[in-house]
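The values are calculated or read from the model by the stated rules, or taken from the named source; none is laboratory data. Everything quoted here is computed from the prediction, not taken from an experiment. Cβ coordinates were reconstructed from backbone atoms using ideal geometry, including for glycine residues, and neighbour counts include every protein chain displayed. Note: accessible area is taken over every heavy atom of the protein model, side chains too, but ligands, DNA and RNA are not part of it. Shrake-Rupley method; radii C 1.70, N 1.55, O 1.52, S 1.80 Å.
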Amino acid sequence: MLVAAYGIGLYGLLLLGLWGRGAGEPDARRRVLLLSVAAAGLALGVNAVLNVLFPRPRPFLVLPVHLLVTSPPRDPSFPSDHAAVASAIAVTLRGVAPGWARLGLLGAVIIGASRVAIGVHYPSDILGGMAVGAGCAVMALRAEAPLRPVLNFLLGMARGARLA
């Protein structure tokens with residue numbers, strides 16, 4: 001239950017740790033970290049559209065399952081936001097932190113399985129979320145060159161605030 005509810009927070013901690021570890025390195029690594037946040041945001045946006053187009057009810061609303069959470073989500077089940085965000089971050093990191101990227105994908109699977117186990121998702125919701133996240137990560141990485149001025153501006157602001 002803890003993994004299902006709070007496992008996604010580890011991805012934020014991972015990004016903060018990689019950001020802090022990037023001190024003195026070229027900006028390329030930190031640009032990818034910013035792109036991973038953009039990919040995660042894009043994945044949530046795509047999921048919101050898919051929720052409207054394919055409003056699948058959550059398993060605990062239609063199946064005789066033993067719900068293991070006290071305040072379950074009431075939005076549509078497909079695709080999983082947790083799986084989408086975790087996959088978007090993990091796939092985006094594959095070029096700058098391949099070990100963390102592999103661990104991140106494993107974490108996405110574990111978080112997804114835990115969400116199925118507690119009765120708030122179907123397995124296909126997890127697979128759909130992972131596909132959305134991976135697709136958004138690829139799109140973000142391909143957009144790096146045209147977004148470079150914006151990313152460099154954000155890095156400059158972070159330096160000005162002594163965050164980079």
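When you go through (1) assigned to a helix (DSSP H, G or I); (2) buried (at least 18 other Cβ atoms within 10 Å of the Cβ); (3) touching a residue at least 12 places away in the same chain (Cβ under 8 Å) one by one for Ala101, which number turns out not to apply?
Failed condition: (3).
Within the group Ala83, Ala113, Ala108, Ala90, which residue is part of a helix (DSSP H, G or I), closer than 15 Å to Gly7 by Cα and more than 14 Å from the chain's Cα centre (by Cα)? Quick ask: steps written out before the conclusion?
Values: Ala83 fails: more than 14 Å from the chain's Cα centre (by Cα); Ala108 fails: more than 14 Å from the chain's Cα centre (by Cα); Ala90 fails: more than 14 Å from the chain's Cα centre (by Cα).
Matching residue, one of Ala83, Ala113, Ala108, Ala90: Ala113.
Of the residues Ala134, Ala140, Ala164, Ala145, which is more than 20 Å from the chain's Cα centre (by Cα), surrounded by 15 or more Cβ atoms within 10 Å (Cβ to Cβ) and aliphatic (A, V, I, L, M)? I'd like the intermediate steps shown before the answer.
Numbers: Ala134 fails: more than 20 Å from the chain's Cα centre (by Cα); Ala140 fails: more than 20 Å from the chain's Cα centre (by Cα); Ala145 fails: surrounded by 15 or more Cβ atoms within 10 Å (Cβ to Cβ).
Within the list Ala134, Ala140, Ala164, Ala145, the selection yields Ala164.
Within region 68-77, restricting attention to residues that are open to solvent by 50 Å² or more (accessible area, probe 1.4 Å) and free of Cβ contacts under 8 Å to residues at least 60 places away in the same chain, which residue is nearest to Asp125 (Cα to Cα)?
Here is the first cut: in region 68-77, the ones open to solvent by 50 Å² or more (accessible area, probe 1.4 Å) are 68, 70-71, 74-75.
Pick out the ones that are also free of Cβ contacts under 8 Å to residues at least 60 places away in the same chain and you get 70-71, 74-75.
Working: Thr70: 21, Ser71: 19, Arg74: 15, Asp75: 13 Å.
Among them, the one singled out is Asp75.
Would you please name the residue that is nearest to Leu14 (Cα to Cα), looking only at residues in region 104-131 that are in contact (Cβ under 8 Å) with a residue 60 or more places away in the chain and open to solvent by 60 Å² or more (accessible area, probe 1.4 Å)?
So the first thing to find is which residues in region 104-131 are in contact (Cβ under 8 Å) with a residue 60 or more places away in the chain, and the list is 104, 107, 110-111, 114-115, 117-122, 125, 128-129.
Now restrict to residues that are open to solvent by 60 Å² or more (accessible area, probe 1.4 Å): 110, 117.
On the way: Ile110: 16, Ala117: 25 Å.
Top of the filtered list is Ile110.
Any chance region 87-97 includes a residue that's modelled with pLDDT under 95, farther than 28 Å from His66 by Cβ, open to solvent by 10 Å² or more (accessible area, probe 1.4 Å) and of a type in the set (Gly, Ala, Ser)?
Yes - at least one qualifying residue is present in region 87-97.
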